[in-house]
1. Tell me, which residue of region 1-29 that is closer than 22 Å to residue 78 by Cβ and exposed (fewer than 12 other Cβ atoms within 10 Å of the Cβ) is modelled with the highest pLDDT?
2. Name the single residue that is surrounded by the fewest Cβ atoms within 10 Å (Cβ to Cβ) among those in region 44-73 being at pLDDT 85 or above and assigned to a loop (DSSP other than H, G, I, E, B).
């Protein structure tokens, strides 16, 4: 079953659509048929002029005092700066709502 969201991602060479433009043109249909869920407890980010790279992994060193920290990288997501900006805004809003419900994270 398809879910609907208000934001669309831009394609290479195109400016991404803003939420107001998406609402004017109709809603975006997201098809979750091929979605795979993975737990990650580590995230690292870096960027170049053309892209933002997010690395996700798992820290399995529960015994923090034992040797160097080893993280198994599981996923790398590469975004355009436009998509990264939208993701940043989306996460900021999500975390503000989360903290309003459950208290501030420190």
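1. Out of the qualifying residues, it is 15.
2. First pass over region 44-73, keeping only residues at pLDDT 85 or above: 44-59, 71-73.
Checking which are assigned to a loop (DSSP other than H, G, I, E, B) leaves us with 48-51.
Working: 48: 9, 49: 5, 50: 8, 51: 13.
Among those residues, the one meeting the criterion is 49.
The values are calculated or read from the model by the stated rules, or taken from the named source; none is laboratory data. All values reported here derive from a predicted model rather than from experimental measurement. Cβ coordinates were reconstructed from backbone atoms using ideal geometry, including for glycine residues, and neighbour counts include every protein chain displayed.
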